[in-house]
Amino acid sequence: MSDAYGLYVERIGRQPAPMTADYGELIDAGRAHVLETDGEIAGLVVLVAAADHLLVENVAVAPDHQGRGLGRQLMAFAEGQAVAAGLAEVRLYTNEAMTENLRFYPSLGYDEAERVVEDGFARVYFRKRVMCAPP
């Protein structure tokens, strides 16, 4: 999935954090979920459950599969996972240089929560309340 982030290297000035992740390890840990299309991996989402929210640590769609609604499908999956876990909120962050994401997440109902610099990355945090599953 590193190719999904390739265009951002020049904008950020270095590899975005998801390009250095060990996806095999994330899949083995049950944190990464892949979306296949025609027998190939078209996208993935990495989820981290916290006590009061679900963090979308990474969501990516392979360049050859972009523009087909797969990012929306992956985000809907994440929201469904939050509801199933009884978590009221989904959170995520993106790099402020990934300007496409700054438009995309609000189009899905996410509100900007804060902007911070972490690990040398200028990050924009978003959040969305989701309906919780009944206890």
Cα-Cα pairs of segment 82-132 separated by more than 16 Å (percent): 42
Once phi is turned into θ = phi - 60°, what whole-Hz ³J(HN,Hα) does the Karplus curve with 6.51, -1.76 and 1.60 give for every residue of segment 57-67, x standing for Gly and Pro? 6, 7, 9, 8, 10, 4, x, 5, 10, 6, x
With +1 on the Cβ of every Lys and Arg and -1 on the Cβ of every Asp and Glu, and nothing else charged, how large is the dipole of the chain about its Cα centre, in debye rounded to the nearest 20? 460
What residue among D22, D38, D64 shows peak mean-square fluctuation when the chain is described by a Gaussian network model with Cα springs under 10 Å? D38
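At 222 nm, what helix-only mean residue ellipticity would the chain give, in deg cm²/dmol to the nearest 500, using -39500 (n - 2.57) for each DSSP H run of four or more?
One gets -7000 deg cm²/dmol as the mean residue ellipticity at 222 nm.
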With a/c under 1.5 counting as rounded, go ahead and sort segment 2-129 into rounded, prolate or oblate using the C-alpha gyration tensor (a ≥ b ≥ c being the square roots of the eigenvalues; past the cut-off, prolate if a/b is larger than b/c, else oblate). rounded
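At 0.36 nm per residue, and after removing the present C-alpha to C-alpha distance, how many nm does the segment from A29 to V83 gain when stretched out fully? Please report the intermediate quantities before stating the final value.
On the way: separation 54, 0.36 × 54 = 19.44 nm, distance 2.04 nm.
That pair, A29 and V83, stretches by 17.4 nm at full extension.
Read-outs: derived from the displayed coordinates by stated rules, not from any lab. All figures in this text were calculated on a predicted structure; none of them were measured in a lab. Heads up, the Cβs are rebuilt from the backbone with ideal geometry, glycines too, and the neighbour counts pull from every protein chain shown.
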